[in-house]
1. If a residue must be under 21 Å from residue 98 (Cα atoms) and among the small types (Gly, Ala, Ser), how many such residues does the stretch 39-80 contain?
2. Restricting the search to the stretch 65-82, which residues are among the β-branched types (Val, Ile, Thr) and surrounded by fewer than 12 Cβ atoms within 10 Å (Cβ to Cβ)?
3. Looking only at the stretch 30-83, filter to residues that are at pLDDT 90 or above and not in a helix (DSSP H, G or I); which one of those is nearest to the chain's Cα centre (by Cα)?
Amino acid sequence: MKKTIMALTAAGTLLIVGGVAATSVFAAEGTTQRDTIVSKIAEKLGISEDKVQTAFDESRDEVHTDMVAQREEDTQTALDSGDITERQYQIAEAMQEIREENFDSSTPRKGEFQGDMLDLLNEKGLDVTEDELQELRDVMRDLDLVGGPRGGGEMGMGRGMHR
């Protein structure tokens, strides 16, 4: 029974992380889509919402940790194979640090943050140009190193949402 519960909650977490994660507020009820999912799973499994939420949170953290480790491994491989330069590697690593610094585990989309990546990189003393960042974005996209473990979005790879 515990394995079934964990499997269902892990599957639910993947749904949340992969798309349903963009929490939308239901104006009429004042609840989030995520709250509704947690409630429905708890009801179907006959367990408390707290247990489901805890399982979601733990699974989300595990998925995030795995994604970060895979991204680090893939970026190191790209450096070792000559697909990216040492400078691009340093920028990519700094970008990951920025994502982690701005990570809020209470939000369903880990790594999402408000801010200007170029400015944040330069605040770290990297003196990155817009062209350099764009070139890195292109290389990372070509190598399928953008977003999750194997592609996806371009979170944190640009100049902000409104430019």
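1. 2
2. If the condition is that a residue be among the β-branched types (Val, Ile, Thr) and surrounded by fewer than 12 Cβ atoms within 10 Å (Cβ to Cβ), then 65 is the only one that fits.
3. Checked the stretch 30-83; the qualifying residue nearest to the chain's Cα centre (by Cα) is 83.
The values are calculated or read from the model by the stated rules, or taken from the named source; none is laboratory data. A quick note: this is a predicted structure, and the numbers were derived from the prediction, not measured. Don't worry about glycine lacking a Cβ; one is built from the backbone with ideal geometry, like all the others, and counts go over all protein chains shown.
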